[in-house]
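Chemist: Let me give you the structure first, and then I'll get to my questions.
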Amino acid sequence: MTVMGRSSSQGPKVSFEFFPPKSEEAEAKLWSSIERLYPLAPDFVSVTYGAGGSTRDRTHRTVRRIVAETDMKPAAHLTCVSATCEEVDEVIRDYWDAGVRHIVALRGDPPEGLGERYQAYPGGYGNSADLTRGIKAIGDFEVSVGCYPEKHPDSADWDADLDMLKAKIDAGATRAITQFFFDPDVYFRYLERVRKAGIDIPIVPGVMLQPNFKGLKRMAQMCGAHIPDRIHAVYEGLDEDPDTRELVTAHLAAEMCETLNQGGADAFHFYTLNRAGLALSTCALLGVKSLQDVKAA
Ligand code: FAD
């Protein structure tokens, strides 16, 4: 099988994010998800990097396996946390040697926990703009970075937030993937700010596919994403009903993506949590077709 380019009539571009598995069972589940999502010909698939570099080896192993066993383009996440520049540079060189050509460059969060003040590791990269510069000095990687439609909690104001995004682009980033959000207007307002600031790289909506609403609320609180009352109301009374929560999550994700797509968004990055079902149903509703089906038609 070969992944081909997707034309606009086959739906928007999609990418899928996975986390490195901790056990053999989790690894089997991840690979089953990757196999199910493969026919959608993702633009790329990314693998996260655990807080403090805790998943360094597992991230690397997962990314290498994607390179070795599929023709999908992997993007390896990398952070600045708890490592010197030399240590991070070694990881970057290992990726280059393994044939990886795309890195998602991130600062990471304070190892002491969210809410604490971030402090650069002694001798380490200070933030994602510095890291992007370091990556580009080692190899001609494609570099994606994070961006924040509701402003990063550490940014004093919108000007500071957008200046940071500009610094990442000046350092060589060519795509920004958003933190997850729940209201399409949040994205549209952000896009307007970004374009007014003269930033013209793709701002790809990051779409969270988390049917565990309690978990979702925790994640949202930690990263400053606002969950509208309407969504709280939809999940109310479903704590003990995972099947219905799954359906509700699929519906809400598809509804938001459809509005974003109608408003001009032509690429989506799905936080899959290593599960294929919700990503597949959202893509089906968005008109993202399996390229095998397109060929057969
Ligand atoms: P940066 O943009 O480098 O900095 C964040 C903010 O800090 C800036 O907006 C600015 O307000 C402030 N700041 C930074 N440097 C300076 C400076 N020199 N002067 C003044 N202000 C400064 N985390 C992980 O641990 N692993 C992952 O795999 C991972 N994947 C992610 C993927 C995406 C798409 C996104 C959006 C986030 C991801 N995260 C991940 C979370 C990310 O690490 C956190 O959001 C982190 O708090 C910020 O990372 P950043 O790269 O956006 O930081």
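Chemist: What are the residue pairs meeting all of these: first residue in segment 98-121, first residue touching a residue at least 40 places away in the same chain (Cβ under 8 Å) and farther than 18 Å from residue 65 by Cβ, second residue open to solvent by 20 Å² or more (accessible area, probe 1.4 Å) and in a loop (DSSP other than H, G, I, E, B), Cβ atoms under 6 Å, and 6 or more apart or on different chains?
Modeler: Pairs that qualify, where the first residue is touching a residue at least 40 places away in the same chain (Cβ under 8 Å) and farther than 18 Å from residue 65 by Cβ and the partner is open to solvent by 20 Å² or more (accessible area, probe 1.4 Å) and in a loop (DSSP other than H, G, I, E, B), are 111/82; 120/126; 121/82.
Residue-by-condition table, conditions (1) away from the ligand (no atom under 16 Å from the Cβ); (2) open to solvent by 50 Å² or more (accessible area, probe 1.4 Å); (3) touching a Ser or Thr at 6+ places or on another chain (Cβ under 8 Å):
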{"residue": "24", "(1), (2), (3)": "yes, yes, no"}
{"residue": "40", "(1), (2), (3)": "yes, no, yes"}
{"residue": "43", "(1), (2), (3)": "no, yes, yes"}
{"residue": "63", "(1), (2), (3)": "no, no, no"}
{"residue": "75", "(1), (2), (3)": "no, no, yes"}
{"residue": "80", "(1), (2), (3)": "no, no, yes"}
{"residue": "89", "(1), (2), (3)": "yes, no, no"}
{"residue": "93", "(1), (2), (3)": "yes, yes, no"}
{"residue": "104", "(1), (2), (3)": "no, no, yes"}
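Chemist: Next up: State all residues of segment 156-167 that are within 10 Å of the ligand (Cβ to nearest atom) and open to solvent by 20 Å² or more (accessible area, probe 1.4 Å); if no residue qualifies, say none.
Modeler: 156, 157, 160, 163, 164, 167
Chemist: Going by the conditions given, is residue 168 touching a residue at least 60 places away in the same chain (Cβ under 8 Å), closer than 27 Å to residue 220 by Cβ and part of a helix (DSSP H, G or I)? Give the derivation first.
Modeler: Values: touching a residue at least 60 places away in the same chain (Cβ under 8 Å): yes; closer than 27 Å to residue 220 by Cβ: yes; part of a helix (DSSP H, G or I): yes.
Against the criterion (touching a residue at least 60 places away in the same chain (Cβ under 8 Å), closer than 27 Å to residue 220 by Cβ and part of a helix (DSSP H, G or I)), residue 168 qualifies.
Chemist: A further question on this structure: Restricting the search to segment 121-138, which residues are in a loop (DSSP other than H, G, I, E, B), open to solvent by less than 80 Å² (accessible area, probe 1.4 Å) and either away from the ligand (no atom under 12 Å from the Cβ) or closer than 14 Å to residue 86 by Cα (or both)? If you could, list the steps in order and put the result at the bottom.
Modeler: Filtering segment 121-138 down to residues in a loop (DSSP other than H, G, I, E, B) leaves 121-127.
Add one more test, that the residue is open to solvent by less than 80 Å² (accessible area, probe 1.4 Å), and what stays is 123-127.
123, 124, 125, 126, listed by residue number.
Yes/no matrix, rows are residues, columns are (1) surrounded by 19 or more Cβ atoms within 10 Å (Cβ to Cβ); (2) assigned to a helix (DSSP H, G or I); (3) of a type in the set (A, V, I, L, M, F, W, C):
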position	(1), (2), (3)
173	yes, no, yes
181	yes, no, yes
192	no, yes, no
195	no, yes, no
199	no, no, yes
210	yes, no, no
216	yes, yes, yes
219	no, yes, yes
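The values are calculated or read from the model by the stated rules, or taken from the named source; none is laboratory data. This structure is a prediction, so every number in the text was calculated from the model and none was measured. FYI the Cβ positions are ideal-geometry reconstructions off the backbone, even for glycines, and counts take in every protein chain you see. Surface areas here come from the heavy atoms of the whole protein model, side chains and all, with no ligands, DNA or RNA. Shrake-Rupley method; radii C 1.70, N 1.55, O 1.52, S 1.80 Å.
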